[in-house]
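Report on the following structure.
Computed from the coordinates by the stated procedures, all read-outs in this text should not be read as laboratory data. None of the values given here were measured: they were computed from a predicted structure. Here the Cβ positions follow ideal geometry from the backbone for every residue, glycine too, while neighbour counts run over all protein chains shown.
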Amino acid sequence: MTVRYEPFSPDVRDDPYPPYALLREQAPVYFAAEAKAYCVSRYDDVRAVLLDPRTFSSDAMRTMLMGAPPGAADPAAVARMIAIATALPFPPEAVVAARSVIALDPPQHGPIRSLVNRGFTPRRIAAWEPRIRAIAAECMDAVRERPDFDLIADVGVPLPVQIIAEMLGVEPERRADFKHWSDRLIAGTSGSGRARDPVASGLAPAMAAICTYVQSIAAQRRNALGDDLVSVLLEAQDGEVALTDAELALFVMLLLGAGNETTTNLIGNATNALLRHPEQIERVRGDRSLLPGLVEEALRWDSPVQFVFRRTTREVELSGVAIPANQHVIALIGSANRDERQFGPDAAAFDVTREPQGHLAFGLGNHFCLGAALARLEARVALDVLLDELPRLERCSSKVDYIDSFLVRGPSTLPLRRAA
């Protein structure tokens, strides 16, 4: 079978794993013509890309999401960036100069990463567990007596949205806005909105609304610091690594897209996997010590983030293929996590007793996911409260509709009903 793969095509969104398997076997480093990028699919190669920022620059995370080719003033991408910068409540030069933690390389990356890490220390994350358990219980109590409900709308969305909003000190009435903004960000940068005008698609207005809101919150916190995440970031500012207002807003956008959305997708993907493998439900129900392993296997088997972007700073060879300098590379995390060379001949199987050491669902190296511990905790708690209900639930449809994104993966809805 001839390999034909385009990472941004809706044709592979529902099930990217068969194309991944073909890539790994026949074309482990594949040039996707429409994306204008080299797609890397084997575990060892993806790992090498993530661990070598000197050769594979993360600045592609910004240019690729804007649709720009590396090192070129693409007219459409430039127009897109101008439209977004004009919509934001900051001077355009502040937007252009703003540092984004996901798009920086060493040595610039280290100081800003250290700053934002202060809001995600193990102690701070562990302190959230009682609140996470309380919210998860509230979500389940609200649906327990209903004949049917939507796992995503009723559990997968409210839990992480409420937690990230409370972490930021956002008032409860704005939580719906947070979810709306998050959806617009994902669709506008990695879904159908990517090909549309950023104003008409809702991307620019959503970004502007986030920036305006963050500005107001920052102004309030400067007058009276609290224990919320915005206060932690403001209080920690010291000279060179201090976040500008534009950078603070970019970080909140990252939390909404990479934090909130990813956790929703992890809960949805894990539940979908369990419903497809009911024997695994009984294994975990009989031994709750398997819960952490269930979360790790769900992360590996159906990764919430399917790939990340990098740019080559020099010519480099992977799996016998020479990649020229200044080219975009797409590291296919979802494929690496199913690589038989790393996870054995049964890598395509979902097994909660597996110990998937080394999976790349949260990345690796200096860009390892900032919120990994929080996402793991939220998913573990959510699945713990769901487990007793799952044997009595079934999907309303065998078809799963996925969110509007080629980058992140998860059900947009997951309607469930009580089994007869």
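Which helices pass in the chain if a helix is a full DSSP H run, must span at least 24 angstrom along its long axis by Cα, and must have mean Kyte-Doolittle hydropathy not below 0.0? What comes out of the filter, once short or polar helices are dropped, is 203-223. Each peptide in 37-49, 93-105 was scored by the mean count of other Cβ atoms within 10 Å over its residues; highest first, the order is 37-49, 93-105. Loop-located trypsin sites (Lys or Arg not before Pro) in segment 298-385 (DSSP state not H, G, I, E or B) with no more than 13 neighbouring Cβ atoms inside 10 Å: ARG314.
Under a Gaussian network description of the chain, with springs only between Cα atoms under 10 Å, the residue in LYS179, LYS36, LYS399 that fluctuates furthest is LYS399. Please say if segment 221-271 is rounded, prolate or oblate, where rounded means a/c under 1.5 for a ≥ b ≥ c the square roots of the C-alpha gyration tensor eigenvalues, and otherwise the choice is prolate for a/b larger than b/c and oblate otherwise? Prolate. With neighbours defined as other Cβ atoms within 10 Å of a residue's Cβ, the residues PHE343, PHE90, PHE309, PHE31 order from fewest to most as PHE31, PHE90, PHE343, PHE309.
Computed from label points 7 Å out along Cα-Cβ, the spacing between ARG123 and GLU317 is 5.0 nm.
Taking every C-alpha pair closer than 8 Å and separated by at least 6 residues, the mean separation divided by the residue count of the chain gives a relative contact order of 26 percent. When Rg and the Kirkwood radius Rh are both evaluated on Cα atoms of segment 178-301, their ratio Rg/Rh stands at 1.12. What the Kirkwood sum gives for segment 117-259 is a hydrodynamic radius of 16.6 Å, with every pair of different alpha carbons counted. The fewest-to-most ranking of MET140, MET81, MET167 by surrounding Cβ atoms within 10 Å reads MET140, MET81, MET167. Put simply, segment 1-70 fits an ellipsoid with semi-axes of 21, 16, 10 Å; these come from the alpha carbon gyration tensor as the roots of five times its eigenvalues, largest first.
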